[in-house]
Amino acid sequence: VPKIPLTNLDSVLTPIHQAKGLPNDHYISDTVFEEEKIAVLFNNWSAIGFGKDIPKEGDAKPINFVDMPLLMVR
């Protein structure tokens, strides 16, 4: 996944009284979404469910986590 140029974030990193919102690409770009998904969700632990979702040993529950199909199993 290509890196987002940090220059696109200049308007966000200015002092608060001058700062503006993120550039449009940060809301609509598939490239930005893929990079953010990896940076925010996949470099750390992410909660994808609760024990109550699969109460009995041997139970399973299919889920979709950020466009990735997963299977929770107890």
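The values are calculated or read from the model by the stated rules, or taken from the named source; none is laboratory data. This structure is a prediction, so every number in the text was calculated from the model and none was measured. Methodologically, a virtual Cβ is constructed for each residue, glycine included, from the backbone with ideal geometry; neighbour enumeration extends over all protein chains shown.
From the list 48, 28, the one residue that fits, being modelled with pLDDT of 85 or more and in contact with a Leu (Cβ under 9 Å, 6 or more places away or on another chain), is 48.
Restricting attention to the range 15-35 and to residues that are without any contact (Cβ under 8 Å) to a residue 12 or more places away in the chain and touching a helix residue (DSSP H, G or I) at 6+ places or on another chain (Cβ under 8 Å), the residue that is nearest to residue 67 (Cα to Cα) turns out to be 21.
Restricting to the range 30-55, what's the tally of residues that are in a loop (DSSP other than H, G, I, E, B) and touching an Asp or Glu at 6+ places or on another chain (Cβ under 9 Å)? Number satisfying all stated conditions: 0.
Would you please name the residue that is farthest from the chain's Cα centre (by Cα), looking only at residues in the range 37-65 that are aromatic (Phe, Trp, Tyr) and surrounded by 11 or more Cβ atoms within 10 Å (Cβ to Cβ)? Applying the filter and picking the extreme gives 65. I'd like the full set of residues that are loosely packed, with under 11 Cβ neighbours inside 10 Å and either at pLDDT below 85 or in the same structural domain as residue 74 (by TED's automatic domain parsing) (or both), limited to the range 12-25. The answer is 13, 20, 21, 24.
Take the conditions (1) outside the structural domain of residue 8 (by TED's automatic domain parsing); (2) small (Gly, Ala, Ser); (3) not in a loop (DSSP other than H, G, I, E, B); residue 58 misses just one of them, which is (3).
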